[in-house]
Amino acid sequence: MTIARWLPGLATLRTYKAEYLPRDLAAGLTLGAVLVPVGLAYGELAGLPLAGLYGSLLPLLAYALFGSSRLLVVGPDSAMAAIVAVAVAPLAAGDPARLGLLCALLGVMVGVICIGGGLLRLGFVANFLSKPVIVGFMHGIALVIVGSQLPKVLGIKAAGETTLEQLASLLPRLGDTNPVALAIGVASFAVILLCKRFVPRVPGHVVALLGSLLAVVLFGLDRQGVAVVGRIPTGLPELVVPSVTLADFDLLLPVALGAALLAFSDTMVTARAFAQRSGDRIDASQELLGIGAANLLSGVTQGLPISASDSRTAVAEAAGSRSQVTSVVAALVVAAVMLWLAEYLYYLPAAALGGILIAAAWSLCDFGEFGRLWRFRGISLAGALVTLAGVVALGVMEGILLGVVFSIVLLLRALAFPPDAALGRTPEGEWHDPAHRPAAVPVPGVLVYRFAAPLFYANCSRFRERIEALIAAAPAPVSAVVVDGGTLQDVDLMGCEALVEIEGELAARGVRLAFGNLRDDVRRDIERGLAVDGEGYCFPSVAAAVAAVATAPPT
């Protein structure tokens, strides 16, 4: 393998066009200006104010080297910050130093998991998060963010561990709301949404940050009870490998697995969406390496866990980005702010960060997806709502787990009770379900049966029951059963044992069993299961099987 194979960023630099540089520089400056308030907001959400900025430095460079997308922007996002706030912060028991240590460990673990998955070419694993689970999670995490930021916007304190408990604790204290803080939060939220709607090239996050900062300084709003960020340490993060115990590792392992799966899934969805617009191609396993390297570097620099950001990628694209040079420039802008400009953020109001985060939560929501799930299949909507309720009522990881388990149960149910039909033959000689093709006429004395699923331990009893029921319901005595193997994609040992029993029971009643249109590997499995060479049982087509059993006596 060449270096360019593992480091696509180097291949991009080799073919980089000089005319791209002005656009990438302009896009990088714009993106860097956005990363500062967003990084501060996500760090505030996680309980680690600087971690959001730290996660916007070296991780961008890592993805620029290892990622396969030309435009994707990575960094801390609302989902990853919420995972730290909800799943990691309780483990720190109120100790900021321990929270920082656990957050760094989580980033390293997510990085190692993703890098391992990339080396093993496990990009397909992202498919295990189904669409309903993702929809439910995104809307649930939006409610979690709103619940955690409303106290800052209202200027009051909340209690409770879950979102429901926090919201419930706010209700009796709404009369204590600070109107100035509320105005700042609402204004920040409105500015971001209005800029996004009417002037998308203007970074609303920067406008909200500068406007609220100037308002506090000019009008002395901090003396009117408006909480401010306070002193932010200057300087760049150090490279430190988190020193933890085995017990810490055990506590974080399930969180890291869930965060890695979520980060990769989000990265693939965002990368593919922007790749379609630009005509690029995305390598799923390379994306695992890219997001893994970004998380690993974020962990050793005390940053938040990393995922893709559709909003920041959209900002870069709208500003004219042509390559990952944009992310490199943006990281340099963040570094400059942390070295020389951090002291000027002292008077940044917490309510403005709350408004920025609530705007980010709003961008996660697409309520039309619920209608789409309902129109497609009502049970899909149920899966999304179960995940949403789990995230809000139980916690982030518990909600994801609940949604995944619900999806697996639905999958197993679909496999255990698959669609099936007694087929008839059309005048053209094709075999179809008469319920859908009235021209398909059953062959007298022959049951042609289609079972649209692999035959395995969970559905072999159903297979037998349906054949028995269809034989009993047939208008004329059945002398042969032909199984259409076109949809029988696999058969396990219990499936073969069931076939042996079915064949014996049918033969005792004078009914012959045959198979048509089987795949070669399934045919071999069935031959082994029936302890025969297949001659007289397996035929190249349904028509050939029907012709054979209609003229030959049962064996």
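Maximal additional length on extending the Arg121-Leu339 stretch stands at 74.5 nm, based on 0.36 nm per residue less the C-alpha distance. Between Phe539 and Phe515, Gly516, Asn517, Leu518, the built amide H atoms are under 5 Å apart, and every one of these is 5 or more places off in sequence or on another chain. Working note: Karplus 6.51/-1.76/1.60 with θ = phi - 60° gives region 423-436 the couplings 8, x, 9, 7, x, 7, x, 8, 10, 9, 6, x, 5, 9 Hz, where Gly and Pro are set to x. Each residue of region 49-54 was assigned a 3J(HN,Hα) from its phi angle through the Karplus expression (A = 6.51, B = -1.76, C = 1.60, θ = phi - 60°), giving x, 8, 5, x, 6, 4 Hz with x at Gly and Pro. Compared with the dominant principal axis of the Cα atoms in the chain, helix 542-551 is inclined by about 20°.
Which of rounded, prolate, oblate describes region 14-66, given a ≥ b ≥ c as roots of the alpha-carbon gyration tensor eigenvalues and a/c under 1.5 marking rounded, otherwise prolate only if a/b is larger than b/c? Taking the square roots of the gyration eigenvalues as a ≥ b ≥ c, region 14-66 is oblate.
May I ask you to derive the relative contact order of region 341-428, considering only C-alpha pairs under 8 Å and at least 6 residues apart, and to give it as an integer percent?
Relative contact order for region 341-428 comes out at 14 percent.
The peptide list 289-295, 516-522, put in order of mean Cβ contacts within 10 Å with the highest first, becomes 289-295, 516-522.
Note on the chain: antiparallel DSSP beta bridges, both residues inside, total approximately 45 percent of the bridges counted. In the context of the full protein assembly, Met109 retains an accessible surface of approximately 10 Å², using a probe radius of 1.4 Å and ignoring ligands and nucleic acids. Scanning residues 5 or more positions from Asp77 or on other chains, those with amide H under 5 Å from its amide H are Ser307, with H placed 1.01 Å from N in the peptide plane.
Helix content alone sets the calculated 222 nm mean residue ellipticity of the chain: runs of n ≥ 4 DSSP H residues at -39500 (n - 2.57) each, divided across all residues, give -19500 deg cm²/dmol. Oblate is the label for region 64-145, because the ratio a/c of its alpha-carbon gyration tensor axes (a ≥ b ≥ c) is 1.5 or higher and a/b is not greater than b/c.
Placing unit charges on the Cβ atoms only, positive for Lys and Arg and negative for Asp and Glu, gives the chain a dipole magnitude near 1460 debye about its Cα centre.
If you average the sequence gap of Cα pairs under 8 Å that are 6 or more apart and divide by the length of the chain, what percent do you get for the contact order? Each step should come with its number before you reach the end.
Working: 1042 pairs, mean separation 121.9, N = 555.
For the chain, the relative contact order is 22 percent.
Under 24 Å of direct C-alpha separation, and excluding same-chain neighbours fewer than eight residues apart, Lys196 reaches these lysines: Lys152. When you filter the trypsin sites (Lys or Arg not before Pro) in region 349-389 for DSSP loop state and at most 13 other Cβ atoms inside 10 Å of their Cβ, you are left with Arg377. Note on Leu332 and Ala382: the model spin-label points, each 7 Å out from Cα along the C-beta direction, lie 5.6 nm apart. Judged by the ratio a/c of the largest to the smallest principal axis of the C-alpha gyration tensor, region 412-555 counts as rounded, that ratio being less than 1.5. Please report the carbon-and-sulfur percent of the accessible area for region 380-534; probe 1.4 Å, protein heavy atoms only, DNA, RNA and ligands left out. Roughly 61 percent of what the probe reaches on region 380-534 is carbon or sulfur. Distance in nm between label sites at Ala168 and Glu501, each 7 Å beyond Cα in the beta-carbon direction? Result: 5.0 nm between the two label points.
Convert 20 °C to kelvin, take the viscosity as 1.002 mPa s, use the Kirkwood radius over C-alpha pairs of the chain as Rh, and evaluate the Stokes-Einstein diffusion coefficient in µm²/s, rounded to a whole number.
Values: Rh = 26.6 Å.
Approximately 81 µm²/s, per Stokes-Einstein.
Across region 134-177, the relative contact order, built from alpha-carbon pairs under 8 Å that are at least six residues apart, equals 33 percent. If R₀ is 30 angstrom, what is the calculated FRET efficiency for the pair Leu29 and Glu398, using the beta carbon separation as r and rounding to 0.05? That pair, Leu29 with Glu398, gives E of 0.15. For the chain, the solvent-accessible area with a 1.4 angstrom probe is 45 square angstrom per residue.
Which loop trypsin sites (Lys or Arg not before Pro) in region 23-124, with loop taken from DSSP, have no more than 16 other Cβ atoms within 10 angstrom of their Cβ? The qualifying sites are Arg121.
Which longest uninterrupted range of the chain lacks any chymotrypsin sites (Phe, Trp or Tyr not before Pro) assigned by DSSP to a loop state (not H, G, I, E or B) and surrounded by at most 16 other Cβ atoms within 10 Å?
Value returned for the longest uninterrupted segment is 17-345.
Full extension of the chain between Glu238 and Asp521 yields a length gain of 96.2 nm, computed as 0.36 nm times the residue separation minus the alpha carbon distance.
Annotation: amide H of Ala480 within the under-5 Å range of Leu447, Arg512, sequence separation 5 or more or interchain, hydrogens built in the peptide plane. For region 174-265, the set of trypsin sites (Lys or Arg not before Pro) satisfying both a DSSP loop assignment and a count of at most 10 other C-beta atoms within 10 Å is given as Arg201, Arg231. Taking GluC sites (Glu not before Pro) as exposed when their DSSP state is a loop state and no more than 10 other Cβ atoms lie within 10 Å, the longest site-free interval of the chain runs over 1-237. For region 239-251, 3J(HN,Hα) computed residue by residue from phi via the Karplus equation (6.51, -1.76, 1.60; θ = phi - 60°) reads 7, 9, 7, x, 9, 9, 9, 4, 5, 4, 4, 5, 5 Hz, glycine and proline entered as x.
The values are calculated or read from the model by the stated rules, or taken from the named source; none is laboratory data. Treat the numbers as computed from the prediction; the structure is a model and nothing was measured. Quick reminder, even Gly has a Cβ in these numbers, built from the backbone with ideal geometry, and neighbours come from all protein chains shown. Side chains included, ligands, DNA and RNA excluded: accessible areas come from the protein's heavy atoms. Shrake-Rupley method; radii C 1.70, N 1.55, O 1.52, S 1.80 Å.
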